Amino acid sequence: MVAISCELTWLIYLLHDLGVAHPKAAKLLYDNQAALHIAENLVFHECTKHIELDCHIVRERIQRGKINTKYVHTKDQIAYDFTKPLRQ
């Protein structure tokens, strides 16, 4: 989640450098509800000390309004179809 939030931030800066305004927060669709809760709520962070830095990076970008997270089921993600073998 932290990797894609960094990529989204980079893309927003790139668009800004190219003269394209992006006033809204970037949408980050994710299929792990636990990760979304940890990123949005400080209370859940106490149980997961090993991902402390990643959690703070994502939470900071959510609080600043740079990204907006939303849960999406794994099978509803577009990338899911490209990473699984085709059915016969």
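A short reminder: the numbers here are calculations on the coordinates, not readings from a lab. All figures in this text were calculated on a predicted structure; none of them were measured in a lab. Neighbour counts are summed over all protein chains in view; Cβ atoms, including those assigned to glycine, are modelled from backbone coordinates with ideal geometry.
Extension gain, THR83-ALA21: 0.36 nm per intervening residue step, less the Cα-Cα distance, totals 19.1 nm.
Descending by average beta-carbon neighbour count within 10 Å, the peptides 69-79, 27-37 line up as 27-37, 69-79, the highest first.
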